Amino acid sequence: MTSYKIEAGTAQHIGNRAQQNDRAALFTGAHAPGYVMAVLADGIAGGASASEQVLHTAKQLFDEFKPGDNPGIARLSELLREIVHETHMVIKMNGVATMSEPQCTFVGLLITPAGQALWAHVGDSRLYRFAAGHCQHRTSDAGYIEHLVGTDKLPPDAARNHRHSKILVNVLGNSRKEPHATIGVHEKLAAGDAFLLCSDGLWHFFTDAELGAVVSKNTPRQASEMLISKAQERAQGKGGNCTMAIVKLVKPPKEVPNYTVRKMGRAV
């Protein structure tokens, strides 16, 4: 039994762009009781079609997932990698059919009933893990840079400049390069832990400490409203799409006895 309950929500704002290309969603598994998944994608090219595909594929594969008894970290990680791979393949096929190249980022979080959290990310959308309001981890390009140096044998400087190369950029839908998903794991979740998945239209305007404080002290809905409002203020009319998913682990309410004490009647 876990010592917490889950509060979660998603939110987005179009910012100062012509259309909303980000997507975010929360899922429960059809065959995985107690499992929760949060997914976020930021459409980089081709509008929102690639982001929409992320949500569709993630829900489909999560609904098919049957964990069994105590699945290991390797199997849970493979589910996230499978979502990335399958989505990437479908986006590429759709691009061929439409003679375009839709692309998007990916962030996925999986919470298990055993108190485990696993996440995967591709691209510059981020996942933050907070404990009591303090940032314990945030995703970055470090894992992908190591991948480029180790697998593609690129010099470190060239790997760090991958954002400037269409051949190397790490996104779903890139016809020139397979996406590399970086996996993160945290076990022994507890009340007070929280996760924020967000696009660059949000994290660009905040420090880690600011994000942790807002998420920690407010409900997911209140936090998202505050963050969107402040992001729009700081963007000064130049903000992009702003999207997030917040998952908080909070102490369950104390159970109140649901009975009334009455004086026992006299037996006859």
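The values are calculated or read from the model by the stated rules, or taken from the named source; none is laboratory data. Being a predicted model, the structure only gives us computed values, none of them experimental. All Cβ positions, glycine included, derive from the backbone under ideal geometry; neighbour counts span all protein chains shown.
Data table
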{"item": "Search result, residues across region 190-205 that are farther than 14 Å from H137 by Cα, surrounded by 19 or more Cβ atoms within 10 Å (Cβ to Cβ) and more than 14 Å from the chain's Cα centre (by Cα)", "result": "G201"}
{"item": "Single match in E101, E82, E78 (criterion: closer than 15 Å to V39 by Cβ and among the acidic types (D, E))", "result": "E82"}
{"item": "Index of the failed condition, A120 passing every other in (1) under 13 Å from the mean Cα position of the chain (by Cα); (2) farther than 30 Å from S3 by Cβ; (3) small (G, A, S)", "result": "(2)"}
{"item": "Residues within region 1-20 that are polar (S, T, N, Q) and under 16 Å from the mean Cα position of the chain (by Cα), tallied", "result": "2"}
{"item": "Filter result (surrounded by fewer than 23 Cβ atoms within 10 Å (Cβ to Cβ), part of a helix (DSSP H, G or I) and polar (S, T, N, Q)) within region 86-123", "result": "N94, T98"}
{"item": "Within region 237-253, tally of residues that are at pLDDT 95 or above and of a type outside the set (S, T, Y)", "result": "9"}
{"item": "Qualifying residue in region 24-34 (condition: of a type in the set (S, T, Y) and either in contact (Cβ under 8 Å) with a residue 12 or more places away in the chain or assigned to a helix (DSSP H, G or I) (or both))", "result": "no"}
{"item": "First in region 2-16 and of a type in the set (G, A, S), second anywhere and in a loop (DSSP other than H, G, I, E, B), Cβ under 8 Å, 6 or more apart", "result": "S3/A190; S3/A191; S3/K251; S3/P252; G9/T219; G15/G239; G15/G240; G15/N241"}
{"item": "Unmet criterion (only one of (1) over 16 Å from the mean Cα position of the chain (by Cα); (2) under 20 Å from D193 (Cβ atoms)) for R138", "result": "(1)"}
{"item": "Filter result for I83 (in contact (Cβ under 8 Å) with a residue 24 or more places away in the chain and loosely packed, with under 15 Cβ neighbours inside 10 Å)", "result": "no"}
